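The values are calculated or read from the model by the stated rules, or taken from the named source; none is laboratory data. Quantities reported herein were computed from a predicted structural model and do not represent experimental measurements. Here the Cβ positions follow ideal geometry from the backbone for every residue, glycine too, while neighbour counts run over all protein chains shown. The area values use the complete protein model at the heavy-atom level, side chains included, leaving out ligands, DNA and RNA. Shrake-Rupley method; radii C 1.70, N 1.55, O 1.52, S 1.80 Å.
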Amino acid sequence: MAMAQGQGARATREAVPPVSRVAIIGGGISGLAAAKQMAAYDPVVFEATPSVGGVWKHCVYRTTRLQTPRPDYEFSDYSWKNRDDPSFPTHTEIVDYLEGYADEFDLWRYISFGSKVVDIRFLGGAEAGFTELWSGTGKDPLRGKPMWEVGIVTGDSNTVQYYKFEFVVMCTGKYGDVPRMPVFPPGKGPEVFKGTVMHSLDYCKLSEEETVELMRGRKVVVVGYKKSAIDLANECAQANQVKGGQPCTMLVRTLHWVVPSYSIWGLPFSMFYSTRLSQLFYERPNQGFFRSLLCRLMSPLRAGVSKFIESYLSWKLPLGKYGLTPDHPFVEDYASCQMAILPEGFFDMADRGLVRFQRASAGWCFSENGVVLDDGTKVEADLVFLATGFEGKDKLREVLPKPFRDLVVGKSSMMPLYRGTIHPLIPNMAFVGFVESVSNLHTSELRCRWMSGLLEGRFELPSVKAMMGHVAGEADAMRRTTRFYRRHCISTYSIHDSDGMCSDLGSATLRKANWIAELFAPYNNKDYKEQ
């Protein structure tokens, strides 16, 4: 592909060699971070769309903003130009920031736009993925032998062109492309509904004028109560502020804590979970006896911190008024990356009757004129939005060959990734962007740096058995911390997670200037800037 539309003089990859060393699939945050770290290998970045940005370009609404403060969501070596701006960046600002990052490090030359991966073949033989050491040796995976063949379709062509690589980095992410659709018994699904049913993914593809026209004056039901559902209900309310507008009803199955800002009783949110001292109280994977004992002794303090935050949210927000107070501690949502930042003025819309809430904890189904809850409650609708999430792992299953596609999800329903990056049983392949934290950008950047160190031979991996044990330990720690553990989230032990990767790379794990800062100052991306 010569050049992506609208990118001016940004020259992209002209051609893909038949055999290369590294392929990167996806041009979002993780793909760009991987390209920067893999630059020495002249990587090929396959991006199916005509632009970088991933979900921030293709799976957002017009009002979508980042849930993390600007300074906490930046690459360690590339700052926001307006990083002192306290507002949460819009999705347009994020795409601009990512394009600036690609400019700064000359990443466009690696990217092949309009190149959709439709098939991946393994060239390493039947037993290559099931050895005692990862990829046979546990180190130096680049040994001059192609291990994967990647099938690409470009433009409107139906022809699949195959290219060979020694190493493949999957950066397709957990969101976008494959919508998660609820399943209904026969005669109770969307087919019986006389109105319109649309997944939030399809809504993202509409222009602002089309979205307003779609929702204005219509009875709308939004299924879900996470970030995408809340943003969608907010846009629906905005479109219906005119005469003749209809309220938007949110169908809420599972309650989660929502947060109006990153300040709790006047204190920065980061002090509660993002310092070494604060994370000392929470369980981390594969900890020893004394560490586990400390966590038990600190359980009253952990509960106290959670209740302190809950008290603020219950005072600041009308959760009780609308029956939206969760019955689980705040920390469980934080530990599973379920916490959502509210759009400004959201509950003002509810107070004006433009947003309504209907609990559906027992389940629901469609009817001719709307939806019906399992308790018999009927909610009329002309339009039903399914803000039910995405099946990111299905994207991997679609392209990976057997037997690897069956290994994508472990017993815990999470991807069993060592250091959140490699599957112990899938050789010469890495997965970046499938682990969540408060700042997914930082999580991906550090993993790409770790992956680069692996390819450079800077450290040797443990045995496959030991890595699988480590992965199981992470799942067990999450299971004991939150009932929503099926999401791979490292929020309560993110510093420990980073320490492990720094240790592998031979870098310092203590990144602050002195012990006071080490204990009490929040960790952020700038602490991990390469020297």
Helix-only [θ] at 222 nm, the chain, -39500 (n - 2.57) per DSSP H run of 4+, per residue, nearest 500, equals -8500 deg cm²/dmol
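When only DSSP loop residues count, what chymotrypsin sites (Phe, Trp or Tyr not before Pro) in the stretch 253-317 have their Cβ near at most 11 other Cβ atoms within 10 Å? Don't skip to the end; give the middle numbers.
Values: sites: Trp257, Tyr262, Trp265, Phe269, Phe272, Tyr273, Phe281, Tyr282, Phe289, Phe290, Phe308, Tyr312, Trp315; in loops: Trp257, Tyr262, Trp265, Phe269, Phe281, Tyr282.
In loop regions of the stretch 253-317 (DSSP not H, G, I, E or B), the sparsely surrounded chymotrypsin sites (Phe, Trp or Tyr not before Pro) are Trp265.
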Work out, step by step, the length gained on full extension between Asp42 and Thr254: first 0.36 nm times the residue separation, then minus their alpha carbon distance; give nm to one decimal. 71.7 nm
May I ask you to give the percent of accessible area on the stretch 80-213 that is carbon plus sulfur, with a probe radius of 1.4 Å? 49
Förster radius 22 Å - calculated FRET efficiency between Ala128 and Glu460 (Cβ-Cβ, nearest 0.05): 0.75
The size of the Cβ-based charge dipole (Lys, Arg +1; Asp, Glu -1) of the stretch 419-476 about the Cα centre, to the nearest 20 debye, is 140
All-pairs Cα distance distribution in the chain, expressed in whole percent, bin size 10 Å: 4, 17, 27, 27, 18, 6, 0
Around Tyr203 (Cβ within 13 Å, Cβ-to-Cβ, excluding Tyr203; K/R +1, D/E -1) the net charge comes to -4
Which residues does the label zone of Ser367 cover in the stretch 183-201, counting backbone N under 20 Å from a point 7 Å along Cα→Cβ? 183-198
Taking the Cα centre of the chain as origin, sum charge times position over the Cβ atoms of Lys and Arg (+1) and Asp and Glu (-1), and report the length of that vector in debye to the nearest 20. 1060
Let me know the shape class of the stretch 147-290, please: from the alpha-carbon gyration tensor, a ≥ b ≥ c as square roots of the eigenvalues, rounded when a/c is under 1.5, otherwise prolate if a/b is greater than b/c, or oblate. oblate
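Exactly which GluC sites (Glu not before Pro) in the stretch 55-150 are in a DSSP loop and have at most 15 other Cβ atoms within 10 Å? Each step should come with its number before you reach the end.
Values: sites: Glu74, Glu93, Glu99, Glu104, Glu127, Glu132, Glu149; in loops: Glu74, Glu127, Glu132.
Answer in residue order: Glu127, Glu132.
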For the stretch 351-376 and the stretch 22-84, what is the separation of their C-alpha centers, rounded to whole Å? 37
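Report the FRET efficiency, 1/(1 + (r/R0)^6), for Val160 and Glu14, where r is their Cβ-Cβ distance and R0 is 30 Å, rounded to 0.05.
0.90
So how strong a dipole does the stretch 428-523 carry about its Cα centre when Lys and Arg Cβ are +1 and Asp and Glu Cβ are -1, to the nearest 20 debye?
So the dipole magnitude of the stretch 428-523 works out to roughly 320 debye.
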How long is the gain from Ala303 to Thr63 if the chain were fully straight, where each residue apart is worth 0.36 nm and the alpha carbon distance is subtracted? 83.0 nm
Distance from the stretch 310-325 to the stretch 220-295 (C-alpha centre basis), Å: 12
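When the chain is fully extended, how far beyond the present Cα-Cα distance does Ser263 get from Ser311, taking 0.36 nm per residue of separation?
16.0 nm is the gain from fully extending Ser263 to Ser311.
Counting alpha carbon pairs within less than 8 Å and at least 6 residues apart, what relative contact order, in whole percent, applies to the stretch 62-188?
About 17 percent, as a whole number.
Please report the antiparallel percentage of DSSP beta bridges with both residues in the chain, rounded to the nearest 5.
For the chain, the DSSP antiparallel bridge percentage is about 45.
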May I ask you to give the solvent-accessible area per residue for the chain, in square angstrom, as obtained with a 1.4 angstrom probe? 43
Extreme residue, positive dipole direction of the stretch 313-352, given options Ser336, Ala350, Ser314 (C-beta unit charges): Ala350
Report relative contact order for the chain in percent, whole number only (criteria: Cα-Cα under 8 Å, sequence separation at least 6). 21
Low-density loop cleavage sites - trypsin sites (Lys or Arg not before Pro) in the stretch 228-335, where at most 11 other Cβ are within 10 Å (DSSP): Lys243
Rank these residues by their accessible area, most exposed first, probe 1.4 Å: Val242, Val409. Val242, Val409
Alpha carbon centre of the stretch 512-531 versus the stretch 386-445: separation in Å? 29
Identify, among Cys204, Val95, Trp108, the residue whose Cα sits farthest towards the positive end of the charge dipole of the stretch 80-228, taking +1 on the Cβ of Lys and Arg and -1 on the Cβ of Asp and Glu, with the dipole about the Cα centre. Cys204
Point-to-point label distance, Lys145-Asp348, nm (Cα→Cβ direction, 7 Å offset): 6.5
Given charges at Cβ of Lys, Arg, Asp, Glu: the stretch 235-307 dipole, positive-most of Met298, Leu255, Gly245: Met298
Computed over the stretch 399-531: relative contact order in percent, which uses C-alpha pairs under 8 Å that are six or more apart: 24
Which of rounded, prolate or oblate describes the stretch 445-531 when judged by the alpha-carbon gyration tensor and an a/c cut-off of 1.5? oblate
Quick one: which of Lys164/Lys227; Lys81/Lys139; Lys227/Lys411; Lys226/Lys393 span more than 30 angstrom between C-alpha atoms? Lys164/Lys227; Lys81/Lys139
